[in-house]
Amino acid sequence: MKWLGKYSGHAYALLRIVAGLLVAFHGVQKLFGVLGGFQPPVGSQLWIGGLLEFVGGLAILVGFQTRLAAFLLSGMMAVAYLQFHWKFRFGAAFWPAVNEGELAVVYCFLFLYIACRGGLRWCVDKAD
C-alpha cells in the first residue's frame, strides 16, 4: 500500500477539515441547543466549552490559526476527559471504555497532532 503515501498531504487535510467540522458541530449543539443538543446556561463552563468547540472547530476547518486553535481544543478535551468522564461520571473509572470518554481522548490527541503539524494544505492562513 506504499502508493497511498503520495496522498498523505491530502488525507491529512481531510482529517483536519472533518475533525474541525465535527467539533464545530458539537459547539453548535451546545450554543444553540439544536440537533439533539443540550443548551447549557450562557456563561457556564459547558457553554464556554461549546463556544471554544464552535470557534476553534471552524478555525481548524478553514485553516486559520490552526496550531493555536488545535492546541486550545486539545487542552479543552483533556479537561473534558479528566473532569467529566474520569472523575465525576462513574466515580474514578479511568478507562475510556468504562466512562464513555473515548471521543474526548481521541479528540485530545488528534488536536495535539494537528497543533504540532499545522494546517499545511487547503488553509486560509498560509503562514500556519
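The values are calculated or read from the model by the stated rules, or taken from the named source; none is laboratory data. Predicted model only: the values in this text are computed from it and were never measured. Positions of Cβ are backbone-derived with ideal geometry, glycine not excepted, and every protein chain shown enters the neighbour counts. When the accessible area is computed, the model is the full protein with side chains, heavy atoms only, and any ligands, DNA or RNA have been set aside. Shrake-Rupley method; radii C 1.70, N 1.55, O 1.52, S 1.80 Å.
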- Under a 10 Å cutoff between Cα atoms, tell me which one of G50, G101, G63 has the largest fluctuation in the Gaussian network model of the chain. G101
- Report the relative contact order of the chain, percent, no decimals, based on alpha-carbon pairs under 8 angstrom and at least 6 residues apart. 26
- Item | Overall form of the stretch 34-93 per C-alpha gyration tensor (a/c, 1.5; a/b vs b/c) | oblate
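Is it possible to state the helix-based mean residue ellipticity at 222 nm for the chain, with each DSSP H run of 4+ residues giving -39500 (n - 2.57), the sum divided by total residues, to the nearest 500 deg cm²/dmol? What is it? Could you put the intermediate results ahead of the total?
On the way: 5 runs with 77 residues, N = 128.
Using -39500 (n - 2.57) per qualifying helix, the result is -20000 deg cm²/dmol.
With +1 assigned to the C-beta of every Lys and Arg and -1 to the C-beta of every Asp and Glu, and no other charges, what is the dipole magnitude of the chain about the Cα centre in debye, to the nearest 20? Intermediate results must be reported in sequence, preceding the final value.
Numbers: 10 positive and 5 negative charges, 76 e Å.
In total the dipole reaches around 360 debye.
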- Would you please report the Å³ per residue occupied by the convex hull of the alpha carbon atoms in the chain? 124
- Query: Got a number for the accessible area of I60? Probe 1.4 Å, square angstrom, nearest 10.
  - Reply: 0
- Message: Please report the spacing between the Cα centers of the stretch 97-128 and the stretch 18-78 in Å, no decimals.
- Response: 12
- Note to self: with every protein chain in place and a 1.4 Å probe, the stretch 6-128 gives an accessible area per residue in Å² of 57
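Please identify the helices of the chain, taking whole runs of DSSP H, that span at least 30 Å along their own axis as judged from the Cα atoms and have a mean Kyte-Doolittle score of 0.0 or higher.
On the way: long enough: 8-32 (35 Å, 1.09).
The qualifying helices are 8-32.
Evaluate the relative contact order of the stretch 1-70 (contact order divided by residue number), counting alpha-carbon pairs under 8 angstrom at least 6 apart; express in whole percent. Walk me through the intermediate numbers first.
Working: 79 pairs, mean separation 22.8, N = 70.
Relative contact order comes out at 33 percent.
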